[in-house]
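Down below is the structure, laid out as structure tokens.
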Amino acid sequence: MKKEYPLPHNDKELGLPVDMRFRTWMNSCVHCGLCSDSCLYYRVMQDDRFIPARKVELVASLYRRHYTFAGRYLPWLTGARDLDDKMLEEMTDLLFGACTMCGRCVVHCSIGVDIPAVVRAGRAMLVQRDLVPATLQSTVDAALKSGNNMAIATEDLLDTLSWMEEELADELGVDHPLIPVDQPGKRVLYTLNPREPMFYPLSIAAMAKIFYAAGEEWTLSTKMYDVTNYAFFTANFDEAATIALRLADEMIRLQASCCVLAECGHGSRAFRWEAPNYLKQHFVFDVETSVERIYRYLKEGKITINPEKTEERYTLHDPCNLVRSGGVIHRQREIIQAITKNFVEMTPCGTDGFCCGGGGGQLAMSEYNERRMKIAQVKADQIKQTGATTVVTPCHNCVDQLVQINSHYRLGVQIKTLAEVVADALLVDTSNGNNV
Ligand code: SF4
Ligand code: SF4
């Protein structure tokens, strides 16, 4: 049965968030093609539809039709297009299903068109037509309804935390409370990616061990601990603001002075760098990623890494939102180099690094699984070329995708978060809770 979409009668109904920056991007592309090969989708599948500039053009053709004189009256001359079923299907498939919003194309664009921002504007338009893929929207709905995107019940979270606390107490041979919850007035409120209590509880224990070694005063909140914000990917700015506000309110309620964000690239970006825009306010507390916090402990001598460095070969995967968008580039490298003598970079890496293929909400959209695994070939090849036995990444979203790449492309490597490799290499003085 043919689906009915409300079609716009005027530019306001169209729903593109048009401001001066957006107008500039709509008029800037010089069709040089330099962005093509930067995109995993085009690089692997060699289908012109996946060229970043083509995604921009989809949105720009609508913009021209509704916002320019020539496009309104002479659409055939300007390449302006009407919004119809075919256009909406194409936009949903390409803007949701063929963009990880990694931003690598921006680095290669000859004039700096912010292509993922244009993709996000197109997604925002689709939000208004209820065209967000249901798989992705259900993740946002779970966060809005339950407070975390996996709808984990509080008693299940508490069970997992208590199990991890026992394991850590056994490892360290101490009987202190090691994973404090809901304690007001602590210096740090630490967040979690819900994937941790659900699938990777050892990474919670790893960060708890680091906090213990550093003598940190910290707590988790059982009410609001989810670092993720998938509404950032659906481009529903009201829902993104609601999710961000809950964490900001929890910081105030628990009177913590610094919010330390769990290892999650998009969650870090959505809260630390984007939320003040959604919320139209500056935070009255500090916000730090866990990479920055671990680095600070190391540099201030609050934690000590075993100087008998491992010979094992480590490589690093750069989460796009943390590295390219957030500018947290060098600290994780210094931390890893303190742990192993044998660190090898992927080529390219850092701000020019390739996405793992799981960003932009792709991991949540199962209908695009096949496409997601195809584009992951680039990351699989990069990992193989390093000869590494362990891939470290400070992002649970990337961990999920890398675990799947590891299995799909039979790489035979270990995938670990930064906190996990740091915790493994820590020297801890258990007599007073501080490091050696
Ligand atoms: S943001 Fe990444 S996935 Fe999206 S078009 Fe650009 S390079 Fe491709
Ligand atoms: S690199 Fe920039 S200007 Fe060139 S085609 Fe791509 S989007 Fe357009």
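Taken as a whole, the condition of being surrounded by 19 or more Cβ atoms within 10 Å (Cβ to Cβ), away from ligand 2 (no atom under 15 Å from the Cβ), modelled with pLDDT under 95 and within 31 Å of the chain's Cα centre (by Cα) applies to L83. Residues of segment 106-141 that are away from ligand 1 (no atom under 16 Å from the Cβ) and among the acidic types (D, E): D130, D141.
Whenever a residue of segment 394-407 is within 18 Å of S290 (Cβ to Cβ), its partners that are in a helix (DSSP H, G or I) and among the polar types (S, T, N, Q), lying with C-beta atoms within less than 6 angstrom and at least six residues away or across chains, give the pairs P394/Q332. Run G97 past the list (1) within 16 Å of ligand 2 (Cβ to nearest atom); (2) crowded, with 17+ Cβ neighbours inside 10 Å and report the number of the one that doesn't hold. Single failed check for G97: (1).
Within segment 23-74, the only residue that satisfies the criterion of being of a type in the set (F, W, Y), within 16 Å of ligand 1 (Cβ to nearest atom) and over 21 Å from G358 (Cα atoms) is W25. Of all residues in segment 295-322, none that is assigned by TED's automatic domain parsing to the domain that holds K416 and at positive phi has its Cβ atom under 6 Å from the Cβ atom of a residue that is hydroxyl-bearing (S, T, Y) and surrounded by 22 or more Cβ atoms within 10 Å (Cβ to Cβ), 6 or more apart or on another chain. Within 18 Å of W218 (Cβ to Cβ) and touching a residue at least 60 places away in the same chain (Cβ under 8 Å): is that true of L172 in this structure? Considered against the rule, which asks whether it is within 18 Å of W218 (Cβ to Cβ) and touching a residue at least 60 places away in the same chain (Cβ under 8 Å), L172 comes out as yes.
Selection within segment 22-71: residues that are buried (at least 18 other Cβ atoms within 10 Å of the Cβ), within 11 Å of ligand 2 (Cβ to nearest atom) and among the hydroxyl-bearing types (S, T, Y). The member of this set that is farthest from M87 (Cα to Cα) is S38. For E89, the requirement of being modelled with pLDDT of 95 or more, more than 16 Å from ligand 1 (Cβ to nearest atom) and exposed (fewer than 15 other Cβ atoms within 10 Å of the Cβ) is met. Look through segment 228-247, keep the residues that are β-branched (V, I, T) and crowded, with 24+ Cβ neighbours inside 10 Å, and return whichever of them is nearest to S146 (Cα to Cα). Filtering segment 228-247 for residues that are β-branched (V, I, T) and crowded, with 24+ Cβ neighbours inside 10 Å, the one nearest to S146 (Cα to Cα) comes out as I243. Before we move on, is A235 aliphatic (A, V, I, L, M), on the phi > 0 side of the Ramachandran plot and within 17 Å of the chain's Cα centre (by Cα)? Here the answer is yes, as A235 does meet what is asked. Within segment 300-344, the residues that satisfy the criterion of being surrounded by 16 or more Cβ atoms within 10 Å (Cβ to Cβ), out of contact with any Leu (no Cβ under 8 Å at 6 or more places or on another chain) and among the small types (G, A, S) are S325, G326.
For first residues located in segment 145-159 and surrounded by fewer than 21 Cβ atoms within 10 Å (Cβ to Cβ) and among the hydrophobic types (A, V, I, L, M, F, W, C), partners that are modelled with pLDDT under 95 and assigned to a helix (DSSP H, G or I) and lie 6+ apart or on another chain with Cβ distances below 6 Å do not occur.
Checked against (1) under 22 Å from E250 (Cβ atoms); (2) out of contact with any Phe, Trp or Tyr (no Cβ under 9 Å at 6 or more places or on another chain), A275 passes all but condition (2).
Which of the helices (runs of 4 or more DSSP H) found entirely inside segment 31-99 contain at least 3 residues meeting this: closer than 23 Å to C320 by Cβ and out of contact with any Lys or Arg (no Cβ under 7 Å at 6 or more places or on another chain)? In segment 31-99, the matching helices (runs of 4 or more DSSP H) lie at 40-45, 52-67. As a summary of the residue check, D85 satisfies the conditions (1) touching a residue at least 12 places away in the same chain (Cβ under 8 Å); (2) touching a helix residue (DSSP H, G or I) at 6+ places or on another chain (Cβ under 9 Å) except for the one numbered (2). Of everything listed in (1) more than 26 Å from the chain's Cα centre (by Cα); (2) surrounded by fewer than 17 Cβ atoms within 10 Å (Cβ to Cβ); (3) of a type in the set (A, V, I, L, M, F, W, C), the single unmet condition for L168 is (2). Has segment 340-362 got at least one residue that is aliphatic (A, V, I, L, M) and either under 27 Å from P194 (Cα atoms) or within 16 Å of ligand 1 (Cβ to nearest atom) (or both)? No, every residue in segment 340-362 fails to be aliphatic (A, V, I, L, M) and either under 27 Å from P194 (Cα atoms) or within 16 Å of ligand 1 (Cβ to nearest atom) (or both). Counting only helices (runs of 4 or more DSSP H) that fall entirely inside segment 110-228 and contain at least 2 residues that are within 21 Å of C398 (Cβ to Cβ) and of a type outside the set (F, W, Y), the qualifying elements are 115-127, 134-146, 195-198, 201-214.
The values are calculated or read from the model by the stated rules, or taken from the named source; none is laboratory data. Note that the structure is predicted; figures quoted are calculated from it, not measured. A quick note on method: Cβ atoms are made from the backbone with ideal geometry, for glycine too, and the neighbour counts reach across all protein chains shown.
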